[in-house]
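Participant: The structure under discussion is supplied below as structure tokens; questions concerning it will follow.
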Amino acid sequence: MTLAAGSVDQFGHDPWWLVLIKIVGIFAFLVVMTLFTIWYERRAVAYMQVRPGPNRNGPFGLLQSLADGLKLGLKEEILPKLADKAVYFIAPVISATCAFTAFAVMPLGPSVSWFGHMSPIQLTDIPVAVLLILACSSMGIYGVVLAGWASGSTYPLLGGLRSSAQMISYEVAMGLSIVAVFIQAGSMSTSEIVEAQAHGTTWNLFGLTLTAPSWYALLLVPSFLIYFVSAVGETNRAPFDLPEAESELVGGFHTEYSSFKFAMFFLAEYINMVTVSGLCATLFLGGWRAPWPVTIWSHANSGWWPVLWFTAKVLLLLFVFVWLRGTLPRLRYDQFMRFGWKALIPINLVWILGLAGLRTLQNSALESRIKMFITVAVVLIVAAVWVLWPAKEKSKVPTGIEGIDPAGRVGGAEGFPMPPLNLEVPPSPRAPRLTAEREPVPVGPATGDKNATEQEGR
Amino acid sequence: MTHEMVLAAASDAMKGGEAATFWILAPIAVIGAIGMVWARNAVHSALFLAMTMLCLGVFYIVQAGPFIGFAQIIVYTGAIMMLFLFVLMLVGRDASDSLIETLRGQRMAAIILGIGFAGLVGTGLFRALGSVNAAGLTAANTKRGGNIQGIAELLFTKYVFAFEVTSALLITAAVGAMLLAHIERRKEDRKTQPELMRERFAPGNYPAPKPGPGVFATSDSVATPARLPDGSMADRSISKIVPTRELTSAEAAPKGTEK
């Protein structure tokens, strides 16, 4: 049976034992990646903060997260009195299950021989694989929200509500940023999107033959950037970690969780990070295909090597997550929501509109001269609207901090004291009173009196 | 680009996997539907509904409609049910149904109307689809090169007007709801930062935070007022709703900490 590479037709033929091997393999990959990522994050953040980080258990402290995980599993499980028991139990299960399921359609490599059976390094693929990942992430929100509600406590409830609003909003931005990839690749299947990025598409633009870069990260820069920003929001990571903002909500939705249930949330969070990074690599960074300098070696994209390239890309993206956490302070909630709805989504819509228009123009049977004319006309109209749009009148409301009066007060006599701008220290307002109330103290070298007072003091 | 799994599912007979999925999920879907009506707690009810919707999504996928199935899961189960849940959580977790009928006979009326509606929809569907000569999924899918391509083409050619009108209607409803519910203060009414600062430092207002209860006192109870530097009680440090509490002689006695 010969099947076209990078097509969904090559899936669904595996014998049951191979499916089982792949499932166990993905499970092991995700758990190991979680353990590694925790260590990786702690070490990277420690390096940025000039401290060693975990370095006791195993070489370079690599076994630290394993030890932590074991300890977490063996801790006492506490069930809050006001908890809704069934929902409290189901919530972490939903979170972890959805996190694991999403990875099923992640392409890790090309077709390889599994004990004589040719099959891709990917559990399965369907024509709507990317939607499956989105569906899993939208179901994963249930875990967070229900955990917050079922705990029967205030902080978790606030964390759950925050996260439901946040994740739904950022899922919209995320879904829209993926649309550009669908338009460009002509498919929603992950393996076909990777295949579509194998070679740079040649565009016949106005008589010129241009070779567009093969990675969609370069070709669709706005989508890539919006995807990454919304991925950070979707995974509740700093600087968008409002659902679990330590300084405001203790631990957010998982405040009341302990032991193994908490470990499941922890696992789900890190797996989600790996999944969004993996999806980012798949959609925008060429998937398992080797990056440029490696492709000189002809075997780079065959056999099991692609798993290495994929993992390297995922780790690189995870580093950006850690880097953001180490660098940026947490956003305020309203600013964060405004950013999602009023910046990311409109930009995305305009960008998709432009891209779809361009694609339609390309596919149309018009003459290239007319195409060029249409493009130039559209660009000119947009530029004209941009330039001629009436600028919003900035109303000049006096803020009251312009004038500084002679007493060093800002905003007139009713204003507030301010340090003098010329850095001359003004006379202290208390000075005259002090001199009035106290006996004048002799200052300067006195002859007999000073010695007398010193002796009295002793 | 027809998918093998989709093709397998599209054949007339129900194969092993499809049958197993149906017989496992169908009872769960029915339990979810019944549980949604019967659950006392509003959040449990919403969760049962989400479960039923999820099962329906899986049924669509199994019946070779992957796009509609995932759209159902993402849009209905993921977003819309989540918003329902959001509202229910704000209502409060102990807002259970009361057993007393506030409207006389409404339950009986609801049951009769529900059964009547189900019968109407069932007979309508049966009469409409009973005599339809089905072309088969394979024919429909191969015509446009796949399930998703087929949906996309129909949606953006034949049904584009209906699609756009529906979306316009939904957006109108959403904007209308927002306008009715949202109260925006005018810019002039909003206090600016300098105004707030001026108010804070105006004579008669104490600009610093109030002293915490129990500060410099012999107890850390919220009912114990803070002490001013001269030893008198700071009235402001106690909330108005906390009743004044007389200390017992044992409590008021020196604890040996003042030395």
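The values are calculated or read from the model by the stated rules, or taken from the named source; none is laboratory data. Every value quoted in this text rests on a predicted model; they were computed, and no experiment measured them. As a convention, Cβ positions derive from the backbone with ideal geometry for all residues, glycine included, and neighbour counts pool all protein chains shown.
Participant: Between a residue in the stretch A:13-27 that is touching a residue at least 40 places away in the same chain (Cβ under 8 Å) and any residue that is surrounded by 14 or more Cβ atoms within 10 Å (Cβ to Cβ) and assigned to a helix (DSSP H, G or I), which pairs come within a Cβ distance under 6 Å, given they are 6 or more apart or on different chains?
Facilitator: Qualifying pairs under 6 Å: A:Ile26/A:Phe103.
Participant: Taking the stretch A:323-357, which residues are surrounded by 11 or more Cβ atoms within 10 Å (Cβ to Cβ), free of Cβ contacts under 8 Å to residues at least 12 places away in the same chain and under 18 Å from A:Val379 (Cβ atoms)?
Facilitator: A:Val350, A:Gly354, listed by residue number.
Participant: Further question: From the list B:Gly78, B:Gly57, pick out the single residue that is part of a helix (DSSP H, G or I), crowded, with 20+ Cβ neighbours inside 10 Å, of a type outside the set (A, V, I, L, M, F, W, C) and modelled with pLDDT under 85.
Facilitator: Every option except B:Gly78 fails the conditions.
Participant: Just to verify a result, which residue in the stretch A:74-101, among those that are in a helix (DSSP H, G or I) and surrounded by fewer than 13 Cβ atoms within 10 Å (Cβ to Cβ), is farthest from the other protein chains (Cβ to nearest Cβ)?
Facilitator: Looking at the filtered set, the residue picked out is A:Lys85.
Participant: Kindly establish whether A:Ala104 is surrounded by 15 or more Cβ atoms within 10 Å (Cβ to Cβ), hydrophobic (A, V, I, L, M, F, W, C) and more than 14 Å from chain B (Cβ to nearest Cβ).
Facilitator: Taking the combined requirement at face value, the residue does not satisfy it.
Participant: Further question: Got at least one residue in the stretch A:52-61 being out of contact with any Pro (no Cβ under 6 Å at 6 or more places or on another chain), on the phi > 0 side of the Ramachandran plot, buried (at least 16 other Cβ atoms within 10 Å of the Cβ) and more than 14 Å from every other protein chain (Cβ to nearest Cβ)?
Facilitator: Within the stretch A:52-61, one or more residues are out of contact with any Pro (no Cβ under 6 Å at 6 or more places or on another chain), on the phi > 0 side of the Ramachandran plot, buried (at least 16 other Cβ atoms within 10 Å of the Cβ) and more than 14 Å from every other protein chain (Cβ to nearest Cβ).
Participant: Out of all the residues in the stretch A:111-136, which are touching a residue at least 60 places away in the same chain (Cβ under 8 Å) and facing another protein chain (nearest Cβ under 8 Å)?
Facilitator: Result: A:Ile126, A:Pro127, A:Val128.
Participant: Is at least one residue of the stretch A:12-21 part of a helix (DSSP H, G or I), modelled with pLDDT under 80 and either over 24 Å from A:Glu269 (Cβ atoms) or charged (D, E, K, R) (or both)?
Facilitator: Looking through the stretch A:12-21, none of the residues is part of a helix (DSSP H, G or I), modelled with pLDDT under 80 and either over 24 Å from A:Glu269 (Cβ atoms) or charged (D, E, K, R) (or both).
Participant: Next question, about the same structure. Being more than 30 Å from A:Leu157 (Cα to Cα) and in the same structural domain as B:Ala42 (by TED's automatic domain parsing) is true for just one of B:Ile111, B:Ile61. Which residue is that?
Facilitator: B:Ile61
Participant: Next up: Out of everything in the stretch A:182-196 that is part of a helix (DSSP H, G or I) and crowded, with 24+ Cβ neighbours inside 10 Å, what residue ends up being farthest from the other protein chains (Cβ to nearest Cβ)?
Facilitator: By that ranking, first place goes to A:Val194.
Participant: Across the stretch B:140-166, what is the number of residues that are within 14 Å of another protein chain (Cβ to nearest Cβ) and not in a helix (DSSP H, G or I)?
Facilitator: So the count comes out to 3.
Participant: Still on this structure: Quick check, is B:Arg93 within 11 Å of chain A (Cβ to nearest Cβ) and either at pLDDT 90 or above or outside any helix (DSSP H, G or I) (or both)?
Facilitator: Spelling it out, B:Arg93 is indeed within 11 Å of chain A (Cβ to nearest Cβ) and either at pLDDT 90 or above or outside any helix (DSSP H, G or I) (or both).
Participant: How many residues does the stretch A:137-154 hold that are facing chain B (nearest Cβ under 9 Å) and free of Cβ contacts under 8 Å to residues at least 40 places away in the same chain?
Facilitator: 2
Participant: What are the pairs with Cβ atoms under 9 angstrom where one residue, in the stretch B:4-28, is outside any helix (DSSP H, G or I) and the other, located anywhere, is at pLDDT below 60? Sequence gap at least six, or different chains.
Facilitator: B:Lys15/B:Ala8; B:Lys15/B:Ala9
Residue by residue, here is whether (1) under 30 Å from the mean Cα position of the chain (by Cα); (2) outside the structural domain of B:Ile68 (by TED's automatic domain parsing); (3) on the phi < 0 side of the Ramachandran plot; (4) of a type in the set (A, V, I, L, M) holds:
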| residue | (1), (2), (3), (4) |
| --- | --- |
| B:Asn147 | no, yes, yes, no |
| B:Ile151 | yes, yes, yes, yes |
| B:Thr157 | no, yes, yes, no |
| B:Leu169 | yes, yes, yes, yes |
| B:Thr172 | yes, yes, yes, no |
| B:Glu184 | yes, yes, yes, no |
| B:Asp189 | no, yes, yes, no |
| B:Thr192 | no, yes, yes, no |
| B:Arg200 | no, yes, yes, no |
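Participant: Check whether at least one residue in the stretch A:161-181 is away from every other protein chain (no Cβ under 11 Å), outside any helix (DSSP H, G or I) and closer than 18 Å to A:Val105 by Cβ, and report yes or no.
Facilitator: No, that holds for no residue.
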